[in-house]
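So the structure is just underneath, and the comments pick up after that.
Computed from the coordinates by the stated procedures, all read-outs in this text should not be read as laboratory data. Because the structure is a prediction, the values reported are computed rather than measured. When we count neighbours, we look across all protein chains shown, and the Cβ atoms used for this are built from the backbone with ideal geometry, even at glycine.
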Amino acid sequence: MARFAFHPGEYLAEELEERGLTGSDLARALNIPQNRISEILNGKRSVTVDTALRLAQWSGSSPQYWLNLQQIHDLRIVEDRIGHEIRRTVEPDAKPSVANS
């Protein structure tokens, strides 16, 4: 089942718009190259741990917020691409996992 995968850059673009800032403004505030922000805003680059730490410091959020957005995006992309193949070819273990307890 396909679910839309919002890229973290879409959330970041909304944040910038609400604050009346540009990608260049944010790059200067985070002390990173402008092309890193531009690529994130355009969905061409993932939010790394380094960028998540900087975004959290700047926005007053947590690094985990930005990393979770990226992880959800990545999981949905891969699920849409190969999830059916994984479900078809990987048999669940009959023994319950400790993680599912």
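Being in contact with a Pro (Cβ under 9 Å, 6 or more places away or on another chain) and part of a helix (DSSP H, G or I) is the filter; apply it to segment 29-50 and report the residue that is farthest from F6 (Cα to Cα).
Across segment 29-50, the extreme among qualifying residues is V49.
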Study note, to complete from the structure: Here the residues within segment 17-28 that are surrounded by fewer than 16 Cβ atoms within 10 Å (Cβ to Cβ) and either touching a residue at least 12 places away in the same chain (Cβ under 8 Å) or in a helix (DSSP H, G or I) (or both) are E17, E18, R19, S24, D25, R28
